Amino acid sequence: MRNRGAAIGIIALALAAAVGTLAHSSARSGRAAVPASPARGGSLEAQDEGLLTAQRMEALVEALSRGTFGAPGQQTTQPATGWVGSRLLSLNTDDWEPAVATDPKAPWVYLVTTRYGVLPPGCTSHCPSPFIALAISSDGGSRFGSQVPLCLCHGVKAQYDPVIEVVPDTGDVYAALLNGDRHNGFSTSFTKSIDHGRTWSAPVHVYGNVSWTDKPEIATSASGKDVYVSWNGPEGGDLYVGQSHDYGETWTQQKLSDSKRYYYAYDGRVLADGTVVFSESSLQYSGVKNVQGEVWHHAVISRDGGATWEDRVVAKVPVGENCVADGCKPDFYIGQTSVASDAPGHLVFGYEGPTTDVGPQRVYVTTSLDAGRTWSRGTPLSVAGEDATGPRLVAQGGTVRLWFMQTAGGDNANAWNVWYRSSSDGGRSWSAPVKISDAPAGAAGYVGPSGFAEVYGDYGEIGVTSAGKTFATWGEGFSYTGPGGTWFNVQR
């Protein structure tokens, strides 16, 4: 009780400061309405994120005061077949949007998450809030060490959207994140570690003269010399790629779209022959978050080391169900993608979409035998009638592995689960689904008998350890506003 009271006091002080800074703005859904704006991005997006941070801290204080958050819950006693059992990264912190990188040649696993409500350890002033927390395992994900800031980045107001990769040939670790200013917007920065995450290089900007960036995704060649980061930029979500051919030291940028479609990068791969593939989606907005028309899923490909790029539309789908959770915007579930390669020239692409406008989404996979030039018809892998989102793909040793989130109990059900499937024949057939969010009811305040209350984060991720075991991480919470936590599970 003493620790919980101390945490409430610290968070309340931070909340007071945040609310004071943002007093000119009104609260979002579930508390008070934000006036609709015809524009997205830049300072407006920054103000919106700052306001959301204040709301999340308020929700965290309330949950701690009620005793519904931070108290030890029941441990997983009946894990999914073939899995260790899902675990919570941190019991007492509000963690959103995790990412993971696994070393293919050594048992290192690097897990990052966006952490709200507390100051970064070792930082007493001019600290980012939220900040990116890093946890490192040297035994394939069985145990993790202390959670430390990926970058203290003194003077930065907030950090978001962490992505992390291991360089296959060297074991070096590359990461990108948004360093944010609530008045001027966000900037994508690159940092790397050559000592298994103990120390990190000073962040380098990847965006050149672009005034604002969002939603970065990173991909690296096997040597680590060639690094690519895709993001959306200030001209209504236009697609950009930054690239470095000197191990992330210097960067150039290319703008790849000029339309009314707003792009989101979700995954990226550099293939053995140097081909670069990003999986993306594009939306058309009416106002700030309402989506109209169709959702397009894209493979953005370079076959010449980033000199030129192709934008291949893999699928076009109707707009999926709106998110109705507290604090959520309508577009939260829609437009997520992933890509993996399990053989030379062979790609597997995951996406989501409904059969009718604003209907429940299904998760699909499609394959390409010619390095993304043409694609097969999508094969559904989730259950019809349930809403599904967030396919995450990885391939290793000839096996393609996938997890996705799906509701339990029909349209807009207040319970979600994470399901895992795999394919050993290039995506033509798939194993039976296994529920890997296997924590029992009461494991956290937001976990009930049918699943967890809400998806917590725009992203989650999947990797394969050097022992060939799948590592999956995702976010669960009470609502979009939170609080919630980062969960993970590992194959036996």
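Would you confirm, using the coordinates I've provided, whether D311 is among the charged types (D, E, K, R), within 26 Å of S376 (Cα to Cα) and not in a strand (DSSP E or B)? Taking the combined requirement at face value, the residue does not satisfy it. The sole residue among S382, S422 that is in contact with a strand residue (DSSP E or B) (Cβ under 8 Å, 6 or more places away or on another chain) and open to solvent by 10 Å² or more (accessible area, probe 1.4 Å) is S422. If you go through the stretch 366-379 and keep only what is farther than 25 Å from N417 by Cβ, in contact (Cβ under 8 Å) with a residue 24 or more places away in the chain, of a type in the set (V, I, T) and surrounded by fewer than 19 Cβ atoms within 10 Å (Cβ to Cβ), you end up with nothing.
Being touching a residue at least 24 places away in the same chain (Cβ under 8 Å), exposed (fewer than 15 other Cβ atoms within 10 Å of the Cβ) and charged (D, E, K, R) is a property that D311 lacks. Exactly one of these conditions fails for V61: (1) at pLDDT 90 or above; (2) open to solvent by less than 20 Å² (accessible area, probe 1.4 Å). Give me its number. With (1) at pLDDT 90 or above; (2) open to solvent by less than 20 Å² (accessible area, probe 1.4 Å) applied to V61, the lone miss is (2). Of all residues in the stretch 172-181, at least one satisfies being in a strand (DSSP E or B), more than 30 Å from A272 (Cα to Cα) and open to solvent by 30 Å² or more (accessible area, probe 1.4 Å).
The criterion of at least 1 residues that are within 17 Å of the chain's Cα centre (by Cα), aromatic (F, W, Y) and at pLDDT 95 or above is met by the following strands (runs of 3 or more DSSP E) wholly inside the stretch 369-471: 399-407, 416-423. Checking each residue in the stretch 92-117 for being part of a loop (DSSP other than H, G, I, E, B), touching a strand residue (DSSP E or B) at 6+ places or on another chain (Cβ under 8 Å) and open to solvent by 10 Å² or more (accessible area, probe 1.4 Å) picks out T93, P104, P107, W108.
Restrict the check to the stretch 346-365 and report whether at least one residue is at pLDDT below 95, touching a Ser or Thr at 6+ places or on another chain (Cβ under 9 Å), open to solvent by 10 Å² or more (accessible area, probe 1.4 Å) and assigned to a loop (DSSP other than H, G, I, E, B). No; the residues of the stretch 346-365 include none that is at pLDDT below 95, touching a Ser or Thr at 6+ places or on another chain (Cβ under 9 Å), open to solvent by 10 Å² or more (accessible area, probe 1.4 Å) and assigned to a loop (DSSP other than H, G, I, E, B). For the stretch 200-301, the strands (runs of 3 or more DSSP E) that sit wholly inside it and include 3 or more residues that are crowded, with 18+ Cβ neighbours inside 10 Å are 214-220, 227-232, 239-244, 262-270, 276-286. The condition of being of a type in the set (K, R) and over 18 Å from T77 (Cα atoms) holds for R421. Only a single criterion out of (1) part of a loop (DSSP other than H, G, I, E, B); (2) at pLDDT 95 or above; (3) within 21 Å of A46 (Cβ to Cβ) is not satisfied by S142, namely (3).
Could you say which residue among K316, K329 is closer than 22 Å to G390 by Cβ, part of a loop (DSSP other than H, G, I, E, B) and open to solvent by 10 Å² or more (accessible area, probe 1.4 Å)? Criteria check complete, one pass: K329. Kindly indicate whether P121 is in a loop (DSSP other than H, G, I, E, B) and either among the aromatic types (F, W, Y) or loosely packed, with under 14 Cβ neighbours inside 10 Å (or both). When the stated conditions are applied, P121 passes them. Residues considered: T81, T77. Of these, the only one that is assigned to a loop (DSSP other than H, G, I, E, B) and at pLDDT 95 or above is T81.
The values are calculated or read from the model by the stated rules, or taken from the named source; none is laboratory data. Quick caveat: nothing in here was measured; it's all calculated off a predicted structure. In this analysis, Cβ positions are derived from the backbone assuming ideal geometry, glycine residues included, and neighbour counts consider all displayed protein chains. Side chains included, ligands, DNA and RNA excluded: accessible areas come from the protein's heavy atoms. Shrake-Rupley method; radii C 1.70, N 1.55, O 1.52, S 1.80 Å.
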